[in-house]
1. Run through all the Cα pairs of the chain and give the fraction in each 10 Å bin from 0, expressed as whole percent.
2. Find how much the distance from residue 137 to residue 70 grows on full extension, using 0.36 nm per residue of separation minus their present alpha carbon separation; answer in nm with one decimal.
3. Looking at this model, which pairs from 66/110; 90/136; 55/120; 55/102 are more than 18 angstrom apart at the alpha-carbon?
4. In square angstrom, rounded to the nearest 10, how much accessible surface does residue 163 have for a 1.4 Å probe?
5. With every protein chain present, what accessible area does residue 27 have (1.4 Å probe, heavy atoms only), rounded to the nearest 10 Å²?
6. With angles folded into 0 to 90 degrees, how steeply does helix 22-31 sit against the dominant principal axis of the chain? Use alpha carbons for both and round to 10.
7. Which angle from 0 to 90°, rounded to the nearest 10, does the C-alpha axis of helix 118-130 make with the longest principal axis of the chain?
8. Hey, any idea what % of the chain's accessible area is carbon plus sulfur with a 1.4 Å probe?
Amino acid sequence: MSVNYPTAYEVGDVVFTCIGNLLFRQVSAASACWSNHVGIIIGHDDKDYIVAESKVPLSQTTTLTKFVSRSVDGRYGVRRLEGGLTEQQKQALVEKVPERLKVLYHTGFKYESSRQFCSKFVFDLYREGLSISIGKIETFDALLSSNPEAKLQFWHFWFLGAIPWDRQTVTPASLWFYPTLVPVFNSHPDANETEPDWYYH
């Protein structure tokens, strides 16, 4: 039996969730966004949508039901590139997925690494598959220094006393707030829809 959702989703839609463990809660605080995990819809198996994601320990595919079930209170949001994707664009994205599966997760969130993390996974699919940006690459310095909610003590601890300020990363927040990704569904409409004043300035 097919799972019913509030609206129809499409290949290329980006799915946002909130993982509740300490590390990911600090990702949310550092980026001023409720969402700290993302995946991308790559198809439907006649029962459920299929989501590709980078997660600990290895990138994988899963059902949308299972993807959402890992989120705090089942909270999730779906965003789509403004204007939608053509069938050719959808195929181009899907073709880029297999080479990114079964790749180790990077808990240091280093963009320039052979390993992956969730927002890099989705960002790179769009960038390399379609030459389209749906987020922004930024340094830890830019991310943490501009946000008064960032817990620097945690990140000093996480990086063993030395935050890699010049390291480049890409966050789920940079996708959630990106102007060309438009809302399709939000299970919790109170979740912040617009970026903080400092985010894209």
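The values are calculated or read from the model by the stated rules, or taken from the named source; none is laboratory data. No experiment lies behind these values; they were computed from the predicted model shown. Every residue, glycine among them, receives a Cβ derived from its backbone with ideal geometry; neighbour counts consider all protein chains shown. Areas reflect the complete protein model, heavy atoms only, side chains present, ligands, DNA and RNA absent. Shrake-Rupley method; radii C 1.70, N 1.55, O 1.52, S 1.80 Å.
1. Once binned at 10 Å, the Cα pair distances of the chain give 9, 38, 38, 13, 2, 0.
2. 21.5 nm
3. As for pairs spanning more than 18 Å Cα to Cα, those are 66/110; 90/136.
4. That residue has around 10 Å² of solvent-accessible surface.
5. Surface accessible to solvent at residue 27 totals approximately 20 Å².
6. Taking the Cα atoms of the chain, the angle to 22-31 is about 80 degrees.
7. Its long axis makes an angle of about 60 degrees.
8. Details: 5130 of 9530 Å².
Answer for the chain: carbon and sulfur cover 54 percent of the accessible area.
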